[in-house]
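Bear in mind that the values in this text are calculations on the coordinates, not laboratory data. These numbers come from a predicted model, not from an experiment. Please note: Cβ atoms are built from the backbone with ideal geometry, for glycine as well, and neighbour counts cover all protein chains shown.
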Amino acid sequence: MEEKKKEFEEPKKEEKKKNNTGVIIILCIIIVLLLGYIAYSQGVFDFAKGKKEEKTQTEEKMKEDEKEPEEVFTPLTEEEARSYYIISGESYYREFSVLDLLNGKFARKYPMKMSDLSNQDVLQFVYRYISPNKKNRENTKQEYDEWITKIFGKDFPYQHEDIQCFVGDGPFLLYDAENEKYVRANVNHPHGGSSGEDRNQTFFVEASKSDKHIIIKTKVLYSGVSGDTTGPIRYYFSKPGGYEWNSDVVYTRSNDCMRSEQCEKYEDVYPVVQEQLPITTFIYDIQSDGNYGLSEITVEE
């Protein structure tokens, strides 16, 4: 009888133990839920979220602080700006405008960076700039070096070599490395060495300067392509390489005016057509030693 009673009580104890375990689990779940509710009601999660957002904002601020300060530009007057691109002195001309010559030779390539220029582009351009200073057009290496530095900056990469004819008719200046100068090639150029450049005049719009850059904004009035058979100007254009049959004509002079010395000149035409001309911007980089060099030319349509 005792054995039977024992056998009956043991399953009961096991069942009670299982029930107790279940109750404990339920209580644990309830406690976790209560703790979660209390934390939520007390704003613990919001606090943690706020901390995370604060950390993110701090990191973003640090990144902003690491950025370079915004470039501050100071306006330049036309007279101040001219000092960067106008050179006066003894020559066939009273003064040189680097911008007019740049437009004449390179305007069809705009927009462009000076780093895109070939070695011949650079030498031919500087030849056009300094050759009027000497009737025999023979210049020293030092003169070329000085002008390249003055226009493109002292770190601009180039090398001295024979300068080729503008129309691809062989070299017209040979580089004498031993004597460090350029001499005329003993070759006849019956075409006269026409450069086929775009005749133009550059008009100042505005300019500004920062510690790093000089920005000169202009408008350019073109008047056809220069050549040996170039006659009087009749058409004025808003773009280089213009001809009377295209849509870039902004001004046409009369036939009577063509035979008169009183024809409208660039200065007369510009006020009439300036609103039709795009902005051409010349960007100079200022180097650490205070020197500067032309780095880029852009056109805003």
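Packing-wise, with mean Cβ within 10 Å as the measure, how do 204-217, 172-185 rank, highest first? Walk me through the numbers before you get to the answer.
Details: 204-217: 17.2, 172-185: 15.4.
Result, highest mean Cβ count within 10 Å first: 204-217, 172-185.
List every residue whose amide H lies under 5 Å from the amide H of Q287, counting only residues 5 or more places away in sequence or on a different chain, with H placed 1.01 Å from N in the peptide plane.
Result for Q287 returns Y292, G293.
Between their Cα atoms, which of K109/K265; K141/K219; K150/K265; K154/K265 are more than 32 Å away from each other?
K141/K219; K154/K265, as the Cα separations exceed 32 Å there.
Kindly rank 28-36, 145-153 from highest to lowest mean number of other beta carbons found within 10 Å of each residue.
145-153, 28-36
Show me the ranking of peptides 101-108, 160-167 by mean Cβ neighbours inside 10 Å, starting with the highest.
Going from most to least packed, we get 101-108, 160-167.
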